[in-house]
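The values are calculated or read from the model by the stated rules, or taken from the named source; none is laboratory data. Just so it is clear, the model here is predicted, and its values are computed rather than measured. Using ideal geometry, Cβ is built from the backbone for each residue, glycine included, and neighbour counts are taken over all protein chains shown. The accessibility values were calculated without ligands, DNA or RNA, using every heavy atom of the protein model including side chains. Shrake-Rupley method; radii C 1.70, N 1.55, O 1.52, S 1.80 Å.
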Amino acid sequence: MATIEERTAGGVSFGLTDEQRALRDLAHDFAEREIRPKEREYDEHSTHPADVIAKAHELGLMNVHSTEEQKREWLPRIVEEGLLTSFALTEPNAGSDVSGIQTTAVRDGDDYVLNGSKMFITNAGYASWFTVFASTDKSKGHRGLSAFIVPGDADGLVVDKHLDKMGQRSTDTSSLSFSDVHVPAVNRLGEEGEGFKIAMRTLDFTRPGTAIGAVGVARAAFEYAAQYSKERVQFGMPIAMNQGVNFLIADMATKIEAARLLCWQAAWMIDQGMRATLQSSYAKRFAADTCMEVTTDAVQIYGGYGYMKEYPVEKLMRDAKLFQIYEGTSQIQRLVIARELLMPRD
């Protein structure tokens, strides 16, 4: 697929620098060489890809996105050791509605004591520490939430269950419980009651990353489907010659390109230090839905073979669905977009 990247011009530009192109090519080559040969086996057995993560870290593909003291304490270990961390926000009864969080954090001298549970937590079984959101004042709803850094080996913190997912099976997703977990007050992020703002700012920052992941899955499905359409012969010619198929290919490519540009826009705004709530939701909503559409069409192009596990598009279609759910569902993104458009901040 072609992208506008040959040069970086003045004014509005969608060009990539030489360094950015090299990083993108490195990531693509790494995916083809290290991930694709193992993806079917790891998916089947829900294997945590520790070897792949280690190689990605060695190549510089595992990037990090507190007070200065907290940064000095926690961030170098992510960079130097390639550690995994977790964002523990969702609970069994508090998904899109963050105000429903029941986990509590009660001040006890120089500590807080956490009690409660979390659900659908990515990397939970392998996280060195968690960013946990808990209520320090339940009477204030979401305005009573606070955020804490909780070490993964803290007493009373238990990974209850590794969840058996439909797709993205090599990523560990688990439930957690907190039973009288003592956390030093210095591990609180921001002030009491600032947890909701921290969570929303974090999602503004992470949604473009999730969205570009959806673009990557869609791009893989497109590449497989385009190649297959040139090789599969029916009625005496490659199916790529049929309008019903090549129109699908054209639409897939167009949507992927549009999704990529939305991701780039949101990422650029974040790099400039600008508020990107609206643009991050644009990117997340469109890229996630595009990924689902493209992978579904890829299975359709493969026909009956696309429904078989031995062909790669079946897995990609299962993987795609989660992009419409985590980091805020597609419906939540629409709510955010509508709010930002109809009730803009000054």
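Quick check: is even one residue across region 19-30 of a type in the set (Phe, Trp, Tyr) and at pLDDT below 90?
Taking every residue of region 19-30 in turn, none turns out to be of a type in the set (Phe, Trp, Tyr) and at pLDDT below 90.
Output the number of the condition that Asp164 fails; it satisfies all remaining conditions of (1) within 23 Å of Thr329 (Cβ to Cβ); (2) open to solvent by 60 Å² or more (accessible area, probe 1.4 Å); (3) not in a loop (DSSP other than H, G, I, E, B).
(3)
Is it true that some residue in region 273-285 is assigned to a helix (DSSP H, G or I), over 16 Å from Pro208 (Cβ atoms) and at pLDDT 95 or above?
No, region 273-285 contains no residue that is assigned to a helix (DSSP H, G or I), over 16 Å from Pro208 (Cβ atoms) and at pLDDT 95 or above.
Just wondering, is there one or more residues in region 35-50 that are crowded, with 16+ Cβ neighbours inside 10 Å, among the small types (Gly, Ala, Ser) and within 24 Å of Leu176 (Cα to Cα)?
The answer is yes; a qualifying residue exists.
Name the residue, out of Val79, Val64, that is modelled with pLDDT under 90, open to solvent by 30 Å² or more (accessible area, probe 1.4 Å) and within 27 Å of Lys165 (Cβ to Cβ).
Val64
Conditions first: (1) assigned to a loop (DSSP other than H, G, I, E, B); (2) in contact with a Phe, Trp or Tyr (Cβ under 6 Å, 6 or more places away or on another chain). Arg169 passes all but one, so which condition is the exception?
(2)
Check Thr202 against each of (1) under 30 Å from Pro37 (Cα atoms); (2) of a type in the set (S, T, N, Q); (3) in a helix (DSSP H, G or I) and name the one condition it does not meet.
(1)
Which of the following residues is modelled with pLDDT under 95, outside any loop (DSSP other than H, G, I, E, B) and among the small types (Gly, Ala, Ser): Gly141, Gly213, Gly116?
Exactly one of Gly141, Gly213, Gly116 is modelled with pLDDT under 95, outside any loop (DSSP other than H, G, I, E, B) and among the small types (Gly, Ala, Ser), namely Gly141.
Right, Val150: open to solvent by 50 Å² or more (accessible area, probe 1.4 Å) and either not charged (D, E, K, R) or not in a loop (DSSP other than H, G, I, E, B) (or both) or not?
For Val150, the condition - open to solvent by 50 Å² or more (accessible area, probe 1.4 Å) and either not charged (D, E, K, R) or not in a loop (DSSP other than H, G, I, E, B) (or both) - is not met.
Just checking, does region 240-261 include any residue being within 18 Å of the chain's Cα centre (by Cα) and open to solvent by 80 Å² or more (accessible area, probe 1.4 Å)?
Taking every residue of region 240-261 in turn, none turns out to be within 18 Å of the chain's Cα centre (by Cα) and open to solvent by 80 Å² or more (accessible area, probe 1.4 Å).
Of all residues in region 321-337, which are over 13 Å from Ala287 (Cβ atoms) and either part of a helix (DSSP H, G or I) or open to solvent by less than 40 Å² (accessible area, probe 1.4 Å) (or both)?
If the condition is that a residue be over 13 Å from Ala287 (Cβ atoms) and either part of a helix (DSSP H, G or I) or open to solvent by less than 40 Å² (accessible area, probe 1.4 Å) (or both), then Lys321, Thr329, Gln331, Ile332, Arg334, Leu335, Val336, Ile337 are the ones that fit.
Would region 78-101 turn up any residue that is part of a loop (DSSP other than H, G, I, E, B) and touching a Lys or Arg at 6+ places or on another chain (Cβ under 7 Å)?
yes
Considering region 183-201 alone, what residues qualify as being open to solvent by less than 40 Å² (accessible area, probe 1.4 Å) and not hydrophobic (A, V, I, L, M, F, W, C)?
Residues satisfying the conditions are Asn187, Gly190, Gly193, Gly195.
Looking at Ile212 and the list (1) open to solvent by 30 Å² or more (accessible area, probe 1.4 Å); (2) more than 23 Å from Leu322 (Cβ to Cβ); (3) of a type in the set (A, V, I, L, M), which single condition is not satisfied?
(2)
List the pairs whose first member sits in region 260-274 and is on the phi < 0 side of the Ramachandran plot, whose second member is in a helix (DSSP H, G or I) and of a type in the set (S, T, N, Q), and whose Cβ atoms are under 6 Å apart, counting only residues at least 6 apart or on separate chains?
Pairs found: Gln265/Gln279; Ala266/Gln279; Ala266/Ser280; Met269/Gln279.
Kindly establish whether Lys315 is open to solvent by 40 Å² or more (accessible area, probe 1.4 Å), modelled with pLDDT of 95 or more and within 21 Å of Ala225 (Cβ to Cβ).
When the stated conditions are applied, Lys315 does not pass them.
Which of the residues spanning region 280-303 are in contact with a Leu (Cβ under 7 Å, 6 or more places away or on another chain) and either under 14 Å from Asp204 (Cβ atoms) or basic (Lys, Arg) (or both)?
Tyr282, Ala283
Taking only pairs six or more apart or across chains, which ones have beta-carbon atoms under 7 Å, a first residue in region 225-238 that is open to solvent by 80 Å² or more (accessible area, probe 1.4 Å), and a second residue that is of a type in the set (Gly, Ala, Ser)?
Within 7 Å, the pairs are Lys230/Ala240.
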